[in-house]
Amino acid sequence: MKKCEIDHIGIKVSSIDNAVKAFEAIGIKCGKIETYDEVGLKIVFSDTGETKTELLEVINESSPIAKDRL
């Protein structure tokens, strides 16, 4: 049976700065916050083991993740 591997999991946050502070307070290192104006997002990856965590903050309501979807 083939092992299922997940590259990363994205989490939408209201404040990427506060989320990074919270992650770092519990010992999870985060990379550099990148701003992508063309998609209306700030993004940072954190080192949480084999599966990375991607934190995303909407900075423009035209962003594809601005509205919550199921």
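Summary table
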{"read-out": "Residue match in the stretch 11-24 (condition: over 13 Å from the mean Cα position of the chain (by Cα), among the small types (Gly, Ala, Ser), loosely packed, with under 15 Cβ neighbours inside 10 Å and outside any helix (DSSP H, G or I))", "value": "no"}
{"read-out": "Residue match in the stretch 50-63 (condition: open to solvent by 70 Å² or more (accessible area, probe 1.4 Å), modelled with pLDDT of 90 or more and under 30 Å from Lys3 (Cα atoms))", "value": "yes"}
{"read-out": "Tabulated pairs, the stretch 30-44, first closer than 14 Å to Ile65 by Cβ, second among the hydrophobic types (A, V, I, L, M, F, W, C) and open to solvent by 60 Å² or more (accessible area, probe 1.4 Å), C-beta under 9 angstrom, 6+ apart or interchain", "value": "Tyr36/Ile59; Gly40/Ile59; Leu41/Ile59; Lys42/Ile59"}
{"read-out": "Checking Phe45 against (1) open to solvent by less than 80 Å² (accessible area, probe 1.4 Å); (2) touching a Gly at 6+ places or on another chain (Cβ under 6 Å), the condition it does not meet", "value": "(1)"}
{"read-out": "Unique residue being touching a Lys or Arg at 6+ places or on another chain (Cβ under 8 Å), of a type in the set (Val, Ile, Thr) and in a loop (DSSP other than H, G, I, E, B) when the list is Ile28, Ile65, Ile6", "value": "Ile65"}
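Yes/no matrix, rows are residues, columns are (1) at positive phi; (2) touching a helix residue (DSSP H, G or I) at 6+ places or on another chain (Cβ under 6 Å):
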site	(1), (2)
Glu5	no, no
Ser15	no, no
Gly27	yes, no
Lys32	no, no
Asp37	no, no
Ser46	no, yes
Leu55	no, yes
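The values are calculated or read from the model by the stated rules, or taken from the named source; none is laboratory data. Everything numeric in this text was worked out from a predicted model, so none of it was measured. Positions of Cβ are backbone-derived with ideal geometry, glycine not excepted, and every protein chain shown enters the neighbour counts. SASA here: full protein model, heavy atoms, side chains in, ligands and nucleic acids out. Shrake-Rupley method; radii C 1.70, N 1.55, O 1.52, S 1.80 Å.
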